Amino acid sequence: MKKILVTGSLGQIGTELVEKMRGIYGNDNVIATDLRKVEGNPVVDAGPFELLDVTDAQAMHDIAKKYNADTIIHLAALLSAVAEAKPQVAWNINMGGLVNALEVARELDCQFFTPSSIGAFGPSTPKVGTPQDTIQRPQTMYGVNKVAGELLCDYYYKKFGVDTRGVRFPGLISYVAPPGGGTTDYAVDIYYEALKNKKYTSYIDKGTYMDMMYMPDALNAIINLMEADPSKLQHRNAFNIAAMSFEPEQIAAEIKKHIPEFTMDYNVDPIRQAIANSWPDSIDCAAAQAEWGFKAEYDLAKMTTDMLEKLAEKGIK
Ligand code: NAD
Ligand code: SER
């Protein structure tokens, strides 16, 4: 990775990934792009930034060529809850953007990363210890996009030799940029509300387990997979990775250790609850561990301590 083009770089992942990669590979070597521009944001100000709609194939090609990109990190997408509200738009952005990005990678011989998700699994998938290779029949537009995307990335590797790599991210928890409209967002919102109001109303029901990960582990996973020895990769795309699995009562109990007066109640959102019910409780990460040494540093307790400290430093109270 010498010249890295990032799409959707003002989102929850991109905001932190661009900064981390600029620290490693050099400010001028990470070209941030997004549909929107946020003045004063370090992603825009600290290195190259270009406006880019990923559904515009020619514009993506031109920007990649202008900067001699040798790597594409394709993040632009609509997340599960937004995609379910706007399925046709989601198809156009999630699939149209992905095929455009893969074509640029093929034409310009770029290494390629894009994230899949636990959303690529569905109700008929084994729910506990979900294997790397298993049944994938999701019933959401986001899940359909993610399964198709995994297959498309495999296809570009096998057919055209594009060095495609990817992970199935669980819900990501972070304090820098807000999440973009997923089912797992409650596990971010709860920390903000705990500090601001000492209470939280969860839209996900008691007893609903989902895999999660703290953002520093997610960023390391992207970089480590992209730097991994290709001869060791059997799967290449869509490695299961996760750091923890919990349900709302468990994250609330962890927060209460720091904020004893914190309380939580429920107002379940049927749409996001149905999505959560169709996802695994906990996935098996053995392939990622064996093939490129995946390891997460943060569990629920360590993440909660850090989240509350970092949000307090940001002035959230
Ligand atoms: P996000 O919603 O926070 O950010 C997406 C970014 O894409 C936004 O800045 C948005 O402006 C941009 N965008 C939207 N449409 C665009 C378009 N047409 N052209 C260019 N940019 C566009 O998303 P995120 O959480 O950073 O997720 C990035 C990727 O990781 C997605 O593929 C997502 O499915 C995947 N993922 C995320 C999570 C998570 O918990 N955050 C979990 C699993 C997988
Ligand atoms: N956090 C993401 C979502 O809920 C998982 O892909 O959509």
* **Amide H partners (placed H, <5 Å) of Ser202, local residues excluded** => Asp265, Tyr266, Asn267
* Structure fact -> Under 20 Å by backbone N from the virtual spin label 7 Å along Cα-to-Cβ at Gln250, the residues of the stretch 196-220 are 200-218
* Relative contact order, percent, the stretch 1-153 [alpha-carbon distance under 8 Å, six or more residues apart] -> 21
* Dividing the Cα convex hull volume of the stretch 117-188 by residue count, how many Å³ per residue is that? -> 120
* Asked: So what are the ³J(HN,Hα) numbers for the stretch 261-267, from phi and the Karplus equation (6.51, -1.76, 1.60; θ = phi - 60°), rounded to whole Hz, Gly and Pro as x?
  -> 7, 5, 10, 9, 10, 10, 9
* Table column - 3J(HN,Hα) (Hz), the stretch 287-304, Karplus curve with 6.51, -1.76, 1.60, x for Gly and Pro -> 5, 5, 5, 6, 8, 9, x, 4, 8, 9, 8, 9, 9, 4, 5, 5, 5, 5
* Asked: What are the residues whose amide H is under 5 Å from the amide H of Met244, where those residues sit 5 or more places off or on another chain and H is modelled from the backbone?
  -> Met212
* Asked: When the Kirkwood radius is taken over all Cα pairs of the chain, what Stokes-Einstein diffusion coefficient follows at 25 °C and 0.890 mPa s, in µm²/s?
  -> 124
* Can you list the aspartates and glutamates whose alpha carbon sits under 13 Å from that of Lys295, skipping same-chain ones fewer than 8 residues off? -> Asp217, Asp284
* To do: Quote the charge dipole size of the chain about the Cα centre in Debye, to the nearest 20; the model charges only the Cβ of Lys and Arg (+1) and of Asp and Glu (-1).
  => 120
* Structure fact -> Between the residues Ser80, Asn27, Leu108, the Cα farthest towards the positive end of the dipole of the stretch 1-142, that dipole coming from +1 and -1 charges on the beta-carbon of Lys, Arg, Asp and Glu, is from Ser80
* **Pair Val89, Glu309: separation of 7 Å Cα→Cβ label points (nm)** => 3.9
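What does the charge count around Ser202 come to, taking other residues whose C-beta lies under 15 Å from its C-beta (Lys +1, Arg +1, Asp -1, Glu -1)?
Here the charged neighbours net out to -4.
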* Structure fact -> If unit charges are put on Cβ atoms (+1 for Lys and Arg, -1 for Asp and Glu) and the dipole of the chain is taken about its Cα centre, the option from Tyr142, Leu233, Phe294 lying farthest towards the positive end turns out to be Tyr142
* Ranked Tyr298, Tyr191, criterion: other C-beta atoms within 10 Å, fewest first -> Tyr298, Tyr191
* For the stretch 1-149, state what percent of all Cα-Cα pairs lands in each successive 5 Å bin, counting from 0 Å until the bin that includes the largest distance. => 2, 10, 19, 20, 17, 14, 10, 5, 2, 0
* Asked: Helix 97-108 versus the longest principal axis of the chain: what angle, 0 to 90°, nearest 10, using Cα atoms?
  -> 40
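Values in this text are rule-based calculations from the coordinates and carry no lab data. Since this is a predicted model, take the numbers as computed values, not measurements. Positions of Cβ are backbone-derived with ideal geometry, glycine not excepted, and every protein chain shown enters the neighbour counts.
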